[in-house]
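In what follows, a single structure is set out as structure tokens and then discussed.
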Amino acid sequence: MTLVLSGLVQGIVLGTVLALLTSGMTLIYRTSRIVNFAHGSLLALAMYATYDLHQRFGLDALWFPLVVAPSMFLLGLALYWGCIRPIRSAHHLAAIQLLLGLSIAIDALLLMRYGADLHTVDNAFSARFVTVLGTGYSLANLVAFGVAVTALTALAFALRFTAWGRRLRAVAQDELAAKLCGVSVLNVEAITWALGIALLGAIAPLLGGIITLTPDMGLRYTVLALVILIVGGTDSLVGTIVAGILIGVVQTLGLLLLPGSYGSLLPYVLLVVVLVFRPGGVSALLRRPA
Amino acid sequence: MLELRALGAGYGKVPVLFDVSLRVERGEAVALLGSNNAGKTTLLRAISGLVRTTSGAILLDGADITGFAYERIVRLGVAHIPEGRHVFPEMTVEDNLLVGATRLAGGDRRRRLREIFEQFPLLEQLRRRAAGSLSGGQQQTMVIARALMSRPALLLADEPSVGLSPVAIDALFDVFAALRRDGTTIVLAEQNAAFSLDLCDRGYVLQRGRITLADDGAQLRSAAGALHEAYLA
Ligand SMILES: Nc1ncnc2c1ncn2[C@@H]1O[C@H](COP(=O)(O)OP(=O)(O)OP(=O)(O)O)[C@@H](O)[C@H]1O
Ligand SMILES: [Mg+2]
């Protein structure tokens with residue numbers, strides 16, 4: 001019983017972090033209708049950058065979001081203006097090819113630079129534990145959880161209540177009408193790409209206890225985020241959050257309770273179930289019939 | 001207010017408008033008549049910067065705005081009610097309206113919202129409803145109110161009466177008549193000639209991308225009647 005309970009807690013922590021990682025992908029998809037197939041590799045890039053900074057300067061990883069998030073923001077802007085905007089009216093496969101290519105290039109560079117060994121980035125809280133209901137949890141993971149909850153809450157609030165959020169939703173729901181209201185679609189898309197990728201940088205340095213660095217992690221996390229995006233219903237942040245937590249819990253409990261590593265297959269089982277029975281995902285369930 | 005000089009425009013390599021010249025003075029309401037595919041929508045979109053022009057010039061208050069980006073044209077005070085009911089379906093009525101005020105300064109948007117609610121009390125009652133859940137007439141009223149949120153000097157309206165019940169069309173007419181009284185300059189593209197001729201001082205007939213008639217009286221009415229018959233036939 002305590003095993004299930006602690007699995008549940010761990011699953012929620014993992015799931016919330018996954019939800020934050022996916023939220024950028026969701027925002028990008030909502031405004032530009034492009035799945036960012038480089039999302040996981042950009043996460044890998046941010047995590048390896050943290051590892052590198054840590055090795056070089058010995059500074060505690062807790063401080064790195066302050067550097068890595070703005071850097072990723074600029075990288076996201078550059079990616080949009082340099083690569084995405086020029087092909088945004090081309091066939092949609094062009095963007096997929098480009099982003100998959102970018103993903104493979106990043107993964108290969110990371111492999112060349114850092115080798116195939118596993119790495120982790122610890123921070124000052126990694127060795128401290130708190131006991132909840134008889135089980136000890138790494139304080140570092142709870143910090144990551146706290147940052148993810150805070151960021152998701154801020155994002156949801158901004159989407160709902162600020163002029164920026166209204167413009168973003170307007171572009172997502174009716175691009176022509178948004179243009180005629182004077183909303184610059186290119187600016188909204190650019191900021192969405194930058195912000196979506198900056199969120200990776202905000203959380204990446206804190207994930208040492210949750211995600212192990214391997215050079216092939218990029219594509220794996222892209223696929224996992226894609227599963228969450230689809231299970232969540234692609235058009236709502238709340239859907240992504242619910243789906244992220246669901247996937248995190250299912251995977252963690254599956255690994256705990258099922259033999260071998262069958263548990264890590266469960267997210268994909270869930271994906272198939274959703275696609276067959278509820279193609280609209282979580283957000284279709286949440287939406288009240290009008 | 002608005003002047004088009006020998007404007008040509010189209011989609012990609014497909015030309016749609018040829019040598020279109022027209023003038024709209026401040027405070028006027030001008031009808032743009034024409035059958036299906038004549039190019040009315042394309043013309044309004046060219047003015048708004050959504051369709052690339054290929055020749056000629058667009059002047060707004062004497063200044064050349066040819067080739068300006070759409071957001072810049074909105075900022076100059078041009079509002080455009082698009083063809084079809086383009087609401088943001090999952091946003092509330094209030095949020096829809098606030099997006100319409102994008103060109104205003106942040107603090108001014110709420111003030112404008114209150115003014116619009118005074119003008120359209122129905123929308124105030126519906127302010128928390130998702131726009132997609134409104135009736136057709138309510139949605140069209142909201143789209144017009146959203147265009148007015150920007151305090152436009154020039155209002156381009158593309159078939160606002162399409163798909164509305166006779167009662168809703170009457171209400172719509174009253175809204176436009178009130179706008180005229182307030183001095184808003186209006187360009188109205190309609191297949192419903194009765195609607196636009198009752199509202200407008202004069203008009204242009206567009207056929208296959210060319211202006212074939214510019215008139216303010218009987219000729220326009222008979223042309224509109226012919227168009228109407230052609231449309232029904
Ligand atoms: N997005 C587009 N791409 C290519 N051609 C288009 C596009 N939109 C319209 N056209 C073509 O341009 C011509 C003019 O169309 P437009 O929609 O401007 O006419 P309209 O007068 O508004 O017609 P309606 O009364 O049906 O609204 C038509 O031949 C149409 O097929
Ligand atoms: Mg039209």
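Projecting the Cα atoms of B:GLY8, A:VAL130, A:TYR48 onto the dipole axis of the protein assembly as shown, where Lys and Arg carry +1 and Asp and Glu carry -1 at the beta carbon, places A:VAL130 farthest toward the positive end.
How would A:LYS179, B:LYS13 line up by accessible area, probe 1.4 Å, largest first?
B:LYS13, A:LYS179
Rounded to the nearest 20, the Cβ-based charge dipole of the stretch A:143-290 about its Cα centre (Lys and Arg +1, Asp and Glu -1) stands at 380 debye.
Legend: translational diffusion of chain A by Stokes-Einstein, Rh = Kirkwood radius over C-alpha pairs, 25 °C, 0.890 mPa s; D = 126 µm²/s.
Relative to one another, the C-alpha centroids of the stretch B:1-40 and the stretch B:142-221 are positioned 14 Å apart.
In this structure A:ASP216 has an accessible area near 90 Å², from a 1.4 Å probe over the protein heavy atoms.
Applying 1/(1 + (r/R0)^6) with R0 = 22 Å to the Cβ-Cβ distance of A:VAL67 and A:ILE87, what FRET efficiency is obtained, to the nearest 0.05?
Efficiency, from the Cβ-Cβ distance: 0.15.
In the protein assembly as shown, helices alone account for a calculated mean residue ellipticity at 222 nm of -18000 deg cm²/dmol, with every DSSP H run of four or more residues adding -39,500 (n - 2.57). When you work out D = kT/(6 pi eta Rh) for the protein assembly as shown at 10 °C and 1.306 mPa s, using the Kirkwood radius from C-alpha pairs as Rh and the Stokes-Einstein form, the result is 62 µm²/s. Here the simple spin-label model places points 7 Å from the Cα toward Cβ, and for A:LEU176 and A:ALA105 these points are separated by 3.6 nm. Quick one: of the DSSP bridges fully inside chain B, what percent are antiparallel, nearest 5? For chain B, the DSSP antiparallel bridge percentage is about 55. Summarising the label geometry, the points placed 7 Å from Cα in the beta-carbon direction at B:ARG210 and B:ASP182 lie 4.0 nm from one another.
Against chain B, whose longest principal axis comes from its Cα atoms, helix B:166-181 is set at around 80 degrees.
Using 0.36 nm per residue and subtracting the Cα-Cα separation, the extra length available between A:ASP52 and A:LEU186 on full extension is 44.9 nm. The distance from the alpha carbon centre of the stretch A:255-290 to that of the stretch A:174-244 is 19 Å, rounded to a whole number.
Counting heavy atoms of the protein chains alone, B:ARG151 has an accessible area of about 80 Å² for a 1.4 Å probe. Note on the protein assembly as shown: with charges restricted to the Cβ of Lys and Arg (+1) and Asp and Glu (-1), its dipole about the Cα centre is near 340 debye. Of A:TRP164, A:TRP63, A:TRP81, the residue with the largest accessible area leads and the full order is A:TRP63, A:TRP81, A:TRP164 (1.4 Å probe). Once the Cα atoms are used to define both axes, helix B:106-119 deviates from the longest principal axis of chain B by about 80 degrees.
Out of all Cα-Cα pairs in the stretch B:2-232, roughly what percent, to the nearest whole number, are more than 31 Å apart?
I get 19 percent for the Cα pairs in the stretch B:2-232 exceeding 31 Å.
The order of B:LEU50, A:LEU285, B:LEU113 by accessible area, most exposed first and with a 1.4 Å probe, is A:LEU285, B:LEU50, B:LEU113.
Distance from the alpha carbon centroid of the stretch B:107-132 to that of the stretch A:33-92 works out to 40 angstrom.
At the residue level, B:CYS200 shows approximately 20 square angstrom of accessible surface with a 1.4 angstrom probe and all protein chains present.
The values are calculated or read from the model by the stated rules, or taken from the named source; none is laboratory data. Because the structure is predicted, anything quoted here is derived from the model rather than measured. Methodologically, a virtual Cβ is constructed for each residue, glycine included, from the backbone with ideal geometry; neighbour enumeration extends over all protein chains shown. All accessible areas refer to the heavy atoms of the entire protein, side chains included, with ligands and DNA or RNA removed. Shrake-Rupley method; radii C 1.70, N 1.55, O 1.52, S 1.80 Å.
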